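**Student:** My questions will all concern the structure given below.
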Amino acid sequence: MASTEDDVVALIPALRAFARTFYMNQSDADDLVQETLSKALSKIHQYTPGTRLKSWLFTIMRNTYYTRYKIATREPTGRKQCVASNVGSLPQQEWSQRKRELMEAIHRLPRSQREVIMMIGVLGMSYKETASACDCEIGTVKSRLYRARLRLLEDLGEQTAEGCTKDVSAAVSSEIPLL
């Protein structure tokens, strides 16, 4: 056993040269050699004396490299909160244009529908609160809201509400007066 371990130590320069075929970076190559030696010494009892020790060690190194490579391709580098994964700012042009179009479409609504859509969609008021503020029945509020939504969809050229994915309150600022 001691003789085999001495032979492993004697092969370290050959292992370092072989590791450089896998990695250009000397530090990464040294890490590969260290991991190879660690695995080889922990499994030295599995080595069959009389066979080529150098081939056995090179096989361990090659398999270690391939395992590392598979893991590296499967897992992204860095933490989940990596700075590189955060976008500095989201594209604004399209949503800015959509906001302008929505504001114009809301201003074209009849006053009663505009009030209801602003109270419920922007201010987040309940149907009951809106009915009380508009001095009408809840059914009337629901009807006005339904007609206002349909008219907005039609005015914006949308077929369904799914085309307008942003919440009305996010797209419409408090700049719009309730007239």
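**Student:** Could you sort 104-114, 44-54 so that the peptide with the highest average Cβ count within 10 Å comes first and the rest follow in order?
**Tutor:** Order by mean packing, descending: 104-114, 44-54.
**Student:** Spin-label point model (7 Å from Cα, Cβ direction): what's the Gln159 to Glu5 distance in nm?
**Tutor:** Those two pseudo-labels are separated by 7.5 nm.
**Student:** Can you tell me the Rg and Dmax of segment 16-67, counting just the alpha carbons, in angstroms?
**Tutor:** 11.1, 34
Throughout, read-outs are computed from the coordinates displayed, never taken from laboratory work. Predicted model, so just to flag it, every value in this text is computed and none were measured. Here Cβ is always computed from backbone atoms with ideal geometry, including for glycine, and neighbour counts include all displayed protein chains.
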